[in-house]
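Just below is one structure, and these are the notes that go with it.
The values are calculated or read from the model by the stated rules, or taken from the named source; none is laboratory data. Quick caveat: nothing in here was measured; it's all calculated off a predicted structure. Here Cβ is always computed from backbone atoms with ideal geometry, including for glycine, and neighbour counts include all displayed protein chains.
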Amino acid sequence: MSDRRTYQLAMIGDASTVRGFGAGGVRAFPADSSAAALTLIRDLVARDEFAVIYITEVLAEPILDQISGLHTGAVPAVIVVPDQSGARGIGYERVRTAVERAIGIDLLGMSRDQEQETKR
């Protein structure tokens with residue numbers, strides 16, 4: 001008998017964004033507001049059934065501090081992703097900052113603002 005746990009993936013976003021994730025085995029949780037999304041995240045973390053919880057940038061942006069303050073341990077990871085309207089760069093910046101904090105250098109290079117300035 002194995003002691004391995006089986007975890008699921010969750011996606012929180014607007015109904016049209018999360019609709020297609022079910023076909024890929026991701027549990028879809030539509031939310032109409034950032035407040036509703038935060039309630040869902042807290043519930044999903046408490047369930048201890050999910051390895052990764054994805055949330056769209058639009059919903060995550062107003063509640064980033066609350067998301068960062070959640071005590072999650074190794075799982076679940078809460079990952080901010082773009083929705084159908086396109087990327088705002090929030091997820092990228094969170095990963096870049098986490099990598100820089102972990103290893104002490106900006107491994108991913110310039111921030112998105114610096115990239116935009118370089119391209120001009």
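Descriptive notes on the structure:
- For the criterion of being at pLDDT 90 or above, at negative phi and not acidic (Asp, Glu), Ser34 passes.
- For the stretch 23-64, filtering for residues that are in contact with a helix residue (DSSP H, G or I) (Cβ under 6 Å, 6 or more places away or on another chain), assigned to a strand (DSSP E or B) and either over 12 Å from Val80 (Cβ atoms) or not assigned by TED's automatic domain parsing to the domain that holds Val81 (or both) leaves 4.
- Against the criterion of being touching a Pro at 6+ places or on another chain (Cβ under 8 Å) and among the acidic types (Asp, Glu), Glu57 qualifies.
- Of all residues in the stretch 43-68 being polar (S, T, N, Q) and closer than 16 Å to Ala31 by Cβ, the one that is farthest from the chain's Cα centre (by Cα): Gln66
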